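Structure, as structure tokens:
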Amino acid sequence: MIHYLDNSATTMVLPEAQEAAVCAMHEMFGNPSSLHRMGIDAARCLKESRETIAQAMGCTAAELYFVSGGTEGINTAIFGAARKNHHLGKHIITTAIEHAATLQACHRLESEGYAVTYIEPDAEGHIAPEDVIAAMRADTILVTLMLVNNEVGTVLPVAEVGKALKQKCPQALFHVDAVQGFFRVPLTPKKWNCDLMSVSGHKIGAPKGVGAFYLKREVRLAPYIVGGGQESGFRSGTEPMPQIAALAAACKVRAAQMEADLAHVASLKNYLTEQMKKRLPWAEWNGTPDIPHVTSFSLPGCKSEVMLRVLESKDVFVSAGSACSKGKESHVLRAMGLDKIRIDSALRVSFAPQNTCADIDALMDGLEAGAKMLKRK
Ligand code: PLP
């Protein structure tokens, strides 16, 4: 039996999402732009999917554009905002704990003459709203924040920042990377004064390769990808209907179960905390998460990559940090000021609603066995 506890990296496709994808591949496989009946059926599926997903994202269907995932949404937001507002200023605010998609896009803009302020977290992984607000300047054209950190599960102060930004820098756009918050925290872009928001399908039980991008009705951005004019000309390319239909199906399941899922994941987190206290009381917790889905801890003296292999041999799957960092030292834990021993021994456990206490028992058995072996060396 597989014990998959790496759901911040990606999730298993839900059966409902798989079924919707297969239907879009085999029965309703027309191109939504075709004028015949097969096309019209696909266009109806596209419209209904957009409505379902928009509801889950707290926006209207007209404000939602399909993209290939979180990375594309983030790139669209950052480069789109820079291009739109370059005559107003060249200053961008983000944080030191963002996903690589945000950090790399910002680095590219820096090489093109933009100034980027990276707000540092505190030792628990929290970003203080006052720090972001204090960094706002007359030439700030974009603030981009993640909603939930993918390594330590902290929630960033998007509502406070959005409100202050609209008062202090009305010309600036506000983007929220909601990839790790989707169905963990309710998405309310209007309340947050958010202009742009990105989510990704594969973090909520839909397949990889699809995401949704919110563009507030009043905001115009030049398209990042041009071609056949799909997605109202904002994102050309034939719509990947199997992924889109699957994303809508996953949203329906997650929306119906959101409260129960949150309670279940919170009980898993409590169980993990209890077991760790009992069986590995010397573990050190990294950060103070605000949601129960993501937890990071270190077992000093037990190198993460070796522990990952021990766990893998017992069919338990966790990660050392973000999947995209591929074994590089975590920039998030470093920004929190943790020492090298702690960073080198960090493990991230991330839950999905399908997980059970049996997964945690298997994890604990593996960690105990691994710690015994590695501490002896
Ligand atoms: N933003 C965050 C916070 C993420 O965790 C991820 C994926 O790990 C992404 C963006 C990128 O999303 P995608 O894998 O869909 O490109």
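In debye to the nearest 20, how big a dipole does the chain give about its Cα centre with +1 on each Lys and Arg Cβ and -1 on each Asp and Glu Cβ?
Computed about the Cα centre, the dipole is about 340 debye.
Using the alpha-carbon atoms, what tilt in degrees (0 to 90, nearest 10) does helix 100-111 show relative to the longest principal axis of the chain? Between the helix axis and the principal axis of the chain, the angle is about 60 degrees.
Report, as a whole number in µm² per second, the diffusion coefficient that Stokes-Einstein gives for segment 147-209 at 10 °C and 1.306 mPa s using the Kirkwood radius over alpha carbon pairs. List each step's numbers first, then the result.
Working: Rh = 12.4 Å.
Answer from the Stokes-Einstein relation: 128 µm²/s.
In order along segment 153-169, the phi-based Karplus estimate (6.51 cos²θ - 1.76 cosθ + 1.60, θ = phi - 60°) of 3J(HN,Hα) comes to x, 7, 9, 8, x, 5, 5, 5, 5, x, 5, 5, 4, 5, 7, 7, 9 Hz; Gly and Pro are listed as x.
Distance from the Cα centroid of segment 291-312 to that of segment 16-60 is 40 Å (rounded to whole angstrom). Our helix-only sum for the chain, with -39,500 (n - 2.57) per DSSP H run of n ≥ 4 divided by its residues, gives a mean residue ellipticity at 222 nm of -13500 deg cm²/dmol.
With a Förster radius of 45 Å applied to the C-beta separation of residue 55 and residue 115, the computed FRET efficiency comes to 0.75.
Taking 0.36 nm per residue of separation and subtracting the current Cα-Cα distance, fully stretching the chain between residue 44 and residue 167 would add 40.2 nm. Amide H contacts under 5 Å for residue 237: 228, 229, 230, restricted to partners 5 or more places along the chain or on a different chain, H placed in the peptide plane at 1.01 Å from N. Spin-label pair residue 225-residue 159: with each label point 7 Å from Cα along the Cα-Cβ axis, the two points sit 3.4 nm from one another.
Computed over Cα pairs, the Kirkwood radius of segment 253-377 leads via Stokes-Einstein (1.306 mPa s, 10 °C) to a diffusion coefficient of 106 µm² per second.
Please report the projected area of segment 129-245's Cα convex hull averaged over all directions, in nm².
Working: hull surface 33.0 nm².
Computing the convex hull of the Cα atoms and averaging its projections yields 8.2 nm².
Find the centroid of the Cα atoms in segment 135-180 and in segment 252-266, then give the distance between the two in whole Å. Between the Cα centres of segment 135-180 and segment 252-266 lies a distance of 26 Å. The mean sequence separation of alpha-carbon pairs under 8 Å and at least six residues apart, normalised by the residue count of segment 1-76, gives a relative contact order of 13 percent.
Close amide H partners of residue 119, meaning residues 5 or more places away or on another chain with modelled amide H under 5 Å apart, are 94, 95, 96. Axis angle, to the nearest 10 degrees, between helix 70-85 and the longest C-alpha principal axis of the chain: 50 degrees.
Placing pseudo-labels 7 Å out from each Cα toward the beta carbon at residue 139 and residue 361 gives an inter-label distance of 6.2 nm. Considering only 252, 203, 328, the mean-square fluctuation computed in a Gaussian network model of the chain, springs between alpha carbons under 10 angstrom, is largest for 328. Return the single residue from 78, 341, 92 with maximal mean-square fluctuation; model: Gaussian network over the chain, springs between Cα atoms under 10 Å. In the Gaussian network model the winner is 341. Does segment 92-176 classify as rounded, prolate or oblate by the C-alpha gyration tensor (a ≥ b ≥ c root eigenvalues; a/c under 1.5 gives rounded; else a/b over b/c gives prolate, otherwise oblate)? Verdict is oblate for segment 92-176.
Calculated FRET efficiency, residue 123 to residue 374, Cβ-Cβ distance, R0 = 25 Å: about 0.45 to the nearest 0.05. Computed across the chain, the Kirkwood hydrodynamic radius from all distinct Cα-Cα pairs reaches 21.5 Å. Considering only 147, 173, 262, the Gaussian network model of the chain with Cα springs below 10 Å gives its largest mean-square fluctuation to 262. Computed from phi, the 3J(HN,Hα) profile of segment 291-297 under the Karplus parametrisation 6.51, -1.76, 1.60 (θ = phi - 60°) reads 10, x, 6, 10, 9, 10, 8 Hz, with x in place of Gly and Pro. Scalar couplings 3J(HN,Hα) for segment 248-258, obtained by applying the Karplus form with A = 6.51, B = -1.76, C = 1.60 to θ = phi - 60°, are 5, 5, 5, 4, 4, 4, 5, 5, 5, 10, 4 Hz; x denotes Gly and Pro.
Local charge sum around residue 222 (other residues, Cβ-Cβ under 10 Å, Lys/Arg +1, Asp/Glu -1)? Numbers along the way, then the final one.
Details: positive: 83, 84, 220; negative: none.
Net local charge, residue 222 excluded: +3.
If you count only protein heavy atoms with a 1.4 Å probe, what accessible area per residue comes out for the chain, rounded to a whole Å²? Could you put the intermediate results ahead of the total?
Values: 15910 Å² over 377 residues.
Roughly 42 Å² per residue, with all protein chains present.
Quantify, in whole percent, the carbon and sulfur part of the accessible surface of the chain (1.4 Å probe; protein heavy atoms only). Here it works out to 56 percent.
The values are calculated or read from the model by the stated rules, or taken from the named source; none is laboratory data. None of these values were measured; they are calculated from a predicted model. With ideal geometry, Cβ positions are generated from the backbone for all residues, glycine too; neighbour counts draw on all protein chains shown. Heads up: the accessible areas ignore ligands, DNA and RNA and are worked out on the full protein's heavy atoms, side chains in. Shrake-Rupley method; radii C 1.70, N 1.55, O 1.52, S 1.80 Å.
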